[in-house]
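Structure first, then comments.
The values are calculated or read from the model by the stated rules, or taken from the named source; none is laboratory data. These numbers were taken from a predicted model, which means no experiment stands behind them. So basically every Cβ, Gly included, is an ideal-geometry build from the backbone, and we count neighbours across all protein chains shown.
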């Protein structure tokens, strides 16, 4: 399928991501393809990833300091330049701020790993954390942005945020609510990076797998081979968060905890009703 036809050919697709680097890991090739096709994709980053761990090396001294957030903003700008994405905002800052309200920062809520292998909320999230905000605030901000940018479709995570991070889960809920309110198509990222997209709509997470809420035939698989080099370059821009290594199996992401993840050449999305 040609990128001109992706997401039903919507005029402008808004991608809602929780932290810098998420946009490239899960949707980088699709963003690059849409930009190259002249479809002007839009991205909103909900937090600045203030509580992210930093990979071992010279940048590790940024971890846990107020200098990490501006550094991650710089990394994000570099990544978006590699992908060709020009339309970006942080939630809480104009144009992603409800009219008449002063700008605000939604901070990274943090996470811990649960016994089930999924991320869960950190016990020490501060008052400025995304998950501590009154739900109406980020919802109103995202609604204002989608309207201001005249978006025709919205993309974000599945109901468990891919791996359970509370900021990802809330990003999904915000994005899906705005899509519903504006009567726009909502597309969820259909599989964890490196995994095969699940063709069975009844086998995903319970929040978004109900038969009334998804269409078994509405999975799009985007071959991003032509934009793979851009995705790699954008990933390397996020140097505090990951390392890109070449192996016999192909390129892999090495995350801060040492976890390895194949880099997708196909990015999959499922449309929800």
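Using the structure shown, decide if residue 155 is crowded, with 20+ Cβ neighbours inside 10 Å, closer than 20 Å to residue 134 by Cα and modelled with pLDDT of 95 or more. Give the derivation first.
Working: crowded, with 20+ Cβ neighbours inside 10 Å: yes; closer than 20 Å to residue 134 by Cα: no; modelled with pLDDT of 95 or more: yes.
No, not satisfied.
Would you pick out the residues in the range 105-127 that are within 22 Å of residue 178 (Cβ to Cβ) and surrounded by fewer than 16 Cβ atoms within 10 Å (Cβ to Cβ)?
Initially, the range 105-127 is screened for residues within 22 Å of residue 178 (Cβ to Cβ), giving 105-109.
The answer is 105, and nothing else.
Would you be able to tell me the number of residues in the range 229-266 that are part of a strand (DSSP E or B) and within 15 Å of residue 30 (Cβ to Cβ)? Write out each step before concluding.
Of the residues in the range 229-266, the ones part of a strand (DSSP E or B) are 242-247, 250-255, 260-262, 266.
Next, only the ones that are within 15 Å of residue 30 (Cβ to Cβ) stay: 266.
So the answer is 1.
Is it fair to say residue 85 is modelled with pLDDT of 95 or more, in a loop (DSSP other than H, G, I, E, B), over 25 Å from residue 124 (Cβ atoms) and touching a helix residue (DSSP H, G or I) at 6+ places or on another chain (Cβ under 8 Å)?
Details: modelled with pLDDT of 95 or more: yes; in a loop (DSSP other than H, G, I, E, B): yes; over 25 Å from residue 124 (Cβ atoms): yes; touching a helix residue (DSSP H, G or I) at 6+ places or on another chain (Cβ under 8 Å): yes.
Yes.
Scanning for something in contact with a strand residue (DSSP E or B) (Cβ under 7 Å, 6 or more places away or on another chain), more than 21 Å from residue 96 (Cβ to Cβ) and modelled with pLDDT of 95 or more, does the range 55-68 turn up at least one residue?
Restricting attention to the range 55-68, the residues satisfying the condition of being in contact with a strand residue (DSSP E or B) (Cβ under 7 Å, 6 or more places away or on another chain) are 55.
Imposing the further condition that a residue be more than 21 Å from residue 96 (Cβ to Cβ) reduces the set to 55.
Okay, now just the ones that are also modelled with pLDDT of 95 or more, so 55.
Yes, the range 55-68 contains a residue that is in contact with a strand residue (DSSP E or B) (Cβ under 7 Å, 6 or more places away or on another chain), more than 21 Å from residue 96 (Cβ to Cβ) and modelled with pLDDT of 95 or more.
Quickly run through the range 250-273 and pick out the residues that are touching a strand residue (DSSP E or B) at 6+ places or on another chain (Cβ under 8 Å), surrounded by 14 or more Cβ atoms within 10 Å (Cβ to Cβ) and more than 23 Å from residue 10 (Cα to Cα).
Within the range 250-273, 251, 252, 253, 254, 255, 256, 261, 262, 263 meet the criteria.
Which residues, taken from the range 78-87, are surrounded by fewer than 18 Cβ atoms within 10 Å (Cβ to Cβ) and within 15 Å of the chain's Cα centre (by Cα)?
87
Which one of these is assigned to a loop (DSSP other than H, G, I, E, B), in contact (Cβ under 8 Å) with a residue 24 or more places away in the chain and closer than 25 Å to residue 126 by Cα: 66, 73, 50?
Details: 66 fails: in contact (Cβ under 8 Å) with a residue 24 or more places away in the chain; 73 fails: assigned to a loop (DSSP other than H, G, I, E, B).
Only one candidate qualifies: 50.
Going residue by residue through the range 233-246, is there one that turns out to be in contact with a strand residue (DSSP E or B) (Cβ under 7 Å, 6 or more places away or on another chain), farther than 19 Å from residue 60 by Cα and buried (at least 18 other Cβ atoms within 10 Å of the Cβ)?
no
Looking at this structure, is residue 93 part of a helix (DSSP H, G or I), surrounded by 13 or more Cβ atoms within 10 Å (Cβ to Cβ), without any contact (Cβ under 8 Å) to a residue 60 or more places away in the chain and out of contact with any helix residue (DSSP H, G or I) (no Cβ under 6 Å at 6 or more places or on another chain)? Break it down stepwise before answering.
Values: part of a helix (DSSP H, G or I): no; surrounded by 13 or more Cβ atoms within 10 Å (Cβ to Cβ): yes; without any contact (Cβ under 8 Å) to a residue 60 or more places away in the chain: yes; out of contact with any helix residue (DSSP H, G or I) (no Cβ under 6 Å at 6 or more places or on another chain): yes.
No: the conditions fail for residue 93.
Has the range 185-202 got at least one residue that is modelled with pLDDT of 95 or more, surrounded by fewer than 19 Cβ atoms within 10 Å (Cβ to Cβ) and over 16 Å from the mean Cα position of the chain (by Cα)?
Of the residues in the range 185-202, the ones modelled with pLDDT of 95 or more are 185-189.
Subsequent filtering for residues that are surrounded by fewer than 19 Cβ atoms within 10 Å (Cβ to Cβ) retains 185.
Checking which are over 16 Å from the mean Cα position of the chain (by Cα) leaves us with 185.
Taking every residue of the range 185-202 in turn, at least one turns out to be modelled with pLDDT of 95 or more, surrounded by fewer than 19 Cβ atoms within 10 Å (Cβ to Cβ) and over 16 Å from the mean Cα position of the chain (by Cα).
Tell me, yes or no, whether the range 134-154 has at least one residue that is touching a strand residue (DSSP E or B) at 6+ places or on another chain (Cβ under 9 Å) and farther than 20 Å from residue 179 by Cα.
So far as the range 134-154 goes, no, none of its residues is touching a strand residue (DSSP E or B) at 6+ places or on another chain (Cβ under 9 Å) and farther than 20 Å from residue 179 by Cα.
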